[in-house]
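Shown next, in C-alpha cells, is the structure this report addresses.
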2 protein chains.
Amino acid sequence: MSEYCLGIDLGGTTTKLGLFRKSGKLIEKWVIPTDSTDNGMHILLDITESINNKLDILGINQKELAGVGIGIPGPVKGGIVTTCVNLGWVNRDVKAELNNLLKLPIEVGNDANVAALGEMWQGSGKGSHNLVMITLGTGVGSGIVIDEKIVSGFFGAAGEIGHMPILHEETTYCACGKQGCLEQVSSATGIVNEMKKKLECTSNLSVLKNIDSLTAKDIFDAARSGDIMASQVIENAGYWLGTALASITSVLDPDVYVIGGGLSNAGDFFVDKVSKYYRQKVLHVCKKTMIKKAELGNDAGIYGAARMVL
Amino acid sequence: MSEYCLGIDLGGTTTKLGLFRKSGKLIEKWVIPTDSTDNGMHILLDITESINNKLDILGINQKELAGVGIGIPGPVKGGIVTTCVNLGWVNRDVKAELNNLLKLPIEVGNDANVAALGEMWQGSGKGSHNLVMITLGTGVGSGIVIDEKIVSGFFGAAGEIGHMPILHEETTYCACGKQGCLEQVSSATGIVNEMKKKLECTSNLSVLKNIDSLTAKDIFDAARSGDIMASQVIENAGYWLGTALASITSVLDPDVYVIGGGLSNAGDFFVDKVSKYYRQKVLHVCKKTMIKKAELGNDAGIYGAARMVL
C-alpha cells in the first residue's frame, strides 16, 4: 500500500515541493527554480526530474506514492489550466501531461484553493470539514473547502471574494473594472490607496505624511503607535472584511475562517478587528464561528497539494 | 436491486409524500394531514402507516425502495431536528426513529435545502451540480447544493441569505435583531414595509394609497401598470437581490440560480430585474451565470427529499 504523497506549489519564480506521509507528516521539502522560458514548456519536465531524483536519494519507490498534487497560480478546471500568464501557459492539460510523465495519479488545483485545503489538513483549520481561507495581500483572495473538497466554481471564480460588491457608494474603480469591491478597502493596495486619499484631503498631522512610497506595513505600524488617520483606515479595512465574512457565513456557515497572506502578519491586531465587526454583522446563531490566523505560512500550498490526492 | 425512492415534505399542517423511480420519474404523490398534537408524537407513525398502505396498494415490496428522504421546516444536523416549533419537536433523532419504523435507509434535511436539491434533480437546475435556490416569500431563504450535496453549515445556518448584511445605512431592525439584512428590502414583507414608508413620506399620487392591508402582490401589480412609487420599490428589491447574488457568486460561483417561492410568481418581470443588477455587480467572467425561475413549485420538496437517498 502507498505510504506517501507529494505536493507541489508552482510559482512564477520558484517551485516548492514537499514529500509527506499520508498521515500529514512532512518528510522533506525542497525548492527548484521555475523556468518559464519557451512558454513554460520545461516546467513539468523539471518537476518530474526533481521528484525522481529525490525519491532515488531517499530510497523511496515511486509505487509507494499515492499520487502527486499541484497548485497553480491561475484558474484550473478539470485538471486543465486555461491561461497562466506567469508561467506562459495556455490550455495546458497539466493533469494528463504530469500523469504521462510520472505514471502516478495527479490532482491539479488553483493555488489559493489548495492553500485552504492545506490549512484544513494540517494547519489552523485541522479537524474542520468546511473552511474558508482568506488571503490578504495585494488583493483579497480566498479558498473555499466544503466537505473536505475544494470548490472551484462554474467559471473558476469561486473564492474571488476580493470582488464582492460591498461598497455601494464607491466612485473609484477596482482593477477588475467594477466599483465598490471588497479589495478596494481591505487589501494591502486598498489600505494604501485609502490612506493616500485621507492624507490628500486633510491638513491634520500624521506620521505618514513624510513617507514617499507608503506601504500597508507603514500604515499598520502607524495605527499601532496611535496615529489617528492610520487607525481609521485600518478600522475601516477590518469593518468591511468582517462584514464580508458575515455575508459569507449567511451563504456557507463554515466551521472556521483562516486568515493568511502578508497582511495577516499584522497579527492579532487586525484579526481581532475583523472578528469584532464579524460578530456585529452576523446572524446571532453564528457569532461563535472561529476566526484564526493561518499556521502553515508559505508551506500551505505543498500541504494542500499533497492532500488533494488522498 | 432497488428501483424506487420516496420523498416526504413535512409541513406544519400537511405532509406531502411522493414515490419516484430512481430515474426521477414521479409515480404517485399524495398528502396526509400533519398531526402536531402531543408534541408531534404521532407524525412519524402516521407517515409510516401511510407509506406502508400505499406500497400495499401499488403492490410494491418495501425492499424495492432505496430509502426514504424527509424535509423538515427547521434546522437539521446529522439527522437530528433540534427544535421545530411548527411540529412541537425538540431534539428528535428523526433519522434513527424513522429507520426504526420503516427499516429503510433514511435521510433528513431542512426543507429549503431539500427543495434546492429537488430543483437540481428534476427542476430548472437539472444537469447542474452546484446550485443556489432562492426562495422569495415572507423572508428570503435559500438552499445551497455543492457537488450535488446539501450544504447545512456548522450552526445549521448555511443559506440564510435573507440575513446577509447588505444595507449599510439601514436604521430599522430586521426580525432577527440586526439592521440592514437583505430581506428588509427584497422579501414580500420587506417590499410591503418599504412601500408603506414611501407612502407615508409623500404627497405624490399612488394607486396604493387607498388599499387597507397592502400585499406584495398589490405592489407588483401597481408597478406593472406603471405606478411610479411601486416601480421604485420593486426596482430597489431587484437591485439588492441582484447585488446579493453577485456576492454569492464571489464565494461559490454556482452553475445556476433558481428563484422560487411566492414572489417568483411575479414571473419574468422580477427575475429580469434581479438578472440586470446581477450582471452589473458581478465579476466580469461570471456575467453569464444562469438565473432561472423554479419549475417544480410545491413539489420541489418531495423531489429533493427522494433525491437525498440516491
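Some points to look at:
- Residue ID - most open to solvent (accessible area, probe 1.4 Å), chosen from residues in the range B:35-51 that are at pLDDT 95 or above and under 29 Å from B:GLY123 (Cβ atoms): B:ASP46
- Residue match in the range A:284-303 (condition: of a type in the set (Val, Ile, Thr), over 30 Å from A:VAL108 (Cβ atoms), touching a helix residue (DSSP H, G or I) at 6+ places or on another chain (Cβ under 8 Å) and not assigned by TED's automatic domain parsing to the domain that holds A:ASN99): yes
- Of all residues in the range A:1-40, those satisfying the criterion of being closer than 24 Å to A:ASP93 by Cβ and among the acidic types (Asp, Glu) are A:ASP9, A:ASP35, A:ASP38.
- Residues of the range B:280-291 satisfying the condition of being open to solvent by 20 Å² or more (accessible area, probe 1.4 Å), within 11 Å of another protein chain (Cβ to nearest Cβ) and not polar (S, T, N, Q): B:LYS281, B:LEU283, B:HIS284, B:VAL285, B:LYS287, B:LYS288, B:MET290
- Qualifying residue in the range B:75-89 (condition: more than 21 Å from B:GLY143 (Cβ to Cβ) and over 18 Å from the mean Cα position of the chain (by Cα)): yes
- Complete set of residues in the range A:219-251 that are within 14 Å of chain B (Cβ to nearest Cβ) and small (Gly, Ala, Ser): A:GLY242, A:ALA244, A:ALA246, A:SER247, A:SER250
- From the list B:LEU26, B:LEU55, the lone residue that is more than 21 Å from the chain's Cα centre (by Cα), surrounded by 15 or more Cβ atoms within 10 Å (Cβ to Cβ) and assigned by TED's automatic domain parsing to the domain that holds B:LEU87 is B:LEU55.
- Residues of the range A:109-151 that are within 8 Å of chain B (Cβ to nearest Cβ), open to solvent by 10 Å² or more (accessible area, probe 1.4 Å) and touching a residue at least 40 places away in the same chain (Cβ under 8 Å): A:ASN130, A:ILE146.
- Of everything listed in (1) more than 8 Å from chain A (Cβ to nearest Cβ); (2) buried (at least 24 other Cβ atoms within 10 Å of the Cβ), the single unmet condition for B:MET164 is (1).
- In the range A:234-263, of all residues being open to solvent by 10 Å² or more (accessible area, probe 1.4 Å) and either touching a residue at least 60 places away in the same chain (Cβ under 8 Å) or aliphatic (A, V, I, L, M) (or both), the one that is farthest from A:LYS197 (Cα to Cα) corresponds to A:ASP255.
- Tallying residues that are at negative phi and surrounded by 20 or more Cβ atoms within 10 Å (Cβ to Cβ) within the range A:168-187 yields 8.
- Cross-chain or 6+ apart pairs with Cβ under 6 Å, the range A:270-283 first and over 12 Å from A:TYR239 (Cβ atoms), then assigned to a helix (DSSP H, G or I): A:VAL282/A:ALA246; A:VAL282/A:THR249; A:LEU283/B:HIS163
The values are calculated or read from the model by the stated rules, or taken from the named source; none is laboratory data. Remember, it's a predicted structure, so these values are computed and weren't measured experimentally. Reconstructed Cβ throughout: ideal geometry from the backbone, glycine too, with neighbour counts over all protein chains shown. What goes into the accessible areas is simple: the full protein's heavy atoms, side chains included, and nothing from ligands, DNA or RNA. Shrake-Rupley method; radii C 1.70, N 1.55, O 1.52, S 1.80 Å.
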